[in-house]
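Visitor: This is the structure I want to talk about, given as structure tokens.
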Amino acid sequence: MGESEEKTADISLKDQGNEFFKAGSYLKAAAIYTQAIKQDPSNPTLYSNRAAAFLHLVKLNKALTDAETTISLKPDWDKGYFRKGCILEAMERYDDALTAFEIALKYNPQSTEVLKKIKRVTQLAKDKKRAQEVIHLRSNVDMAKHLDTVKSELSERYGAKECWEDIFSFLVETMETAVKSWHETSKVDPRTYFLLDKEKTDTEKHAPVVNIDKAFESPHTHSSCFSFLRQYAEDSFSRSACLVVPKSIISYPQVWKGQGSRKWKHGQNDGFFIQFESPSIRTLWFVPCSTEKGQNLCRDPVALDISVHEILPRLFKQA
């Protein structure tokens with residue numbers, strides 16, 4: 001066979017591969033390109049085309065190898081870098097894909113296709129990074145870092161570490177349990193948690209948790225719930241208490257002491273309140289919650305003015 005006949009055979013194989021590719025028969029296209037490569041192993045276009053077929057077949061490692069070969073055979077051809085970028089994008093290796101697209105742009109500055117890819121992959125990289133941050137935040141709940149002020153106040157009021165450490169741990173654990181519940185189910189149950197006295201509390205009569213889901217149905221239920229909890233705190237010899245209440249069930253203005261929405265500076269965010277009660281310290285937080293990257297995510301707790309936004313009045317007699 002003469003040289004011109006060989007070239008004709010190569011072209012016809014490449015063209016056959018291209019026809020199969022256009023028809024969406026990527027497996028057949030890849031097989032034809034492989035035949036063509038055997039006949040002309042130093043042709044960068046054939047490797048580039050086969051890389052595209054492998055990309056459609058999601059044979060990404062093979063596609064990447066072909067893209068690398070394309071680049072090594074023709075280092076100043078933008079198509080090789082473009083192909084490599086597309087494959088790395090499919091692998092979710094966005095930073096590497098961006099590097100490849102930027103080299104492609106260097107060799108073909110007018111390419112709108114490459115510019116679109118750079119814009120898209122930059123956004124995908126940001127989204128991936130944020131999704132990873134959300135996963136990290138959801139699995140590494142750490143409320144203690146937001147409670148330095150309360151910790152200082154407790155140590156001032158109670159002095160000896162063993163006296164206030166249990167109270168602080170109780171608060172942190174209650175807050176973290178609520179956050180984890182919201183992450184898993186997008187809700188928290190309205191409850192009051194009590195830190196019972198290990199020596200004095202009659203645990204057959206007094207449980208550490210009281211449901212308060214009816215407390216916010218009317219001013220009457222609110223008042224009777226408060227009276228009940230105050231008596232419960234006293235009878236159970238509780239050292240402190242923590243109220244966890246979803247914002248969605250607070251439906252009448254008495255809770256806000258008649259201040260109305262003008263005092264509420266936290267938008268329409270869903271979320272829940274945590275009110276900490278002890279004989280010497282009272283504190284209130286709102287934990288805004290949202291959905292991000294398809295996951296429930298609690299934001300950092302926001303300290304509120306308890307005199308304006310208290311969920312229930314003081315539960316313990318003031319120390």
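Derivation of every value follows stated rules applied to the coordinates shown; laboratory data play no part. The structure presented is a predicted model; accordingly, all values stated were derived computationally and were not measured. FYI the Cβ positions are ideal-geometry reconstructions off the backbone, even for glycines, and counts take in every protein chain you see.
Visitor: So for the range 145-156 (the condition being within 23 Å of the chain's Cα centre (by Cα) and in contact (Cβ under 8 Å) with a residue 12 or more places away in the chain), does at least one residue qualify?
Guide: yes
Visitor: Might you check whether a residue that is hydroxyl-bearing (Ser, Thr, Tyr), crowded, with 20+ Cβ neighbours inside 10 Å and farther than 21 Å from residue 103 by Cβ occurs anywhere in the range 41-50?
Guide: No: the range 41-50 contains no residue that is hydroxyl-bearing (Ser, Thr, Tyr), crowded, with 20+ Cβ neighbours inside 10 Å and farther than 21 Å from residue 103 by Cβ.
Visitor: Do you know which residues across the range 202-230 are outside any loop (DSSP other than H, G, I, E, B) and in contact (Cβ under 8 Å) with a residue 40 or more places away in the chain?
Guide: Result: 222, 225, 226, 229, 230.
Visitor: Show the residue pairs that are 6+ apart or on different chains and have beta-carbon atoms under 7 Å apart, the first residue being within the range 171-193 and in contact (Cβ under 8 Å) with a residue 12 or more places away in the chain, the second being assigned to a helix (DSSP H, G or I) and of a type in the set (A, V, I, L, M, F, W, C).
Guide: 171/150; 172/144; 188/178; 188/182; 190/249; 192/229
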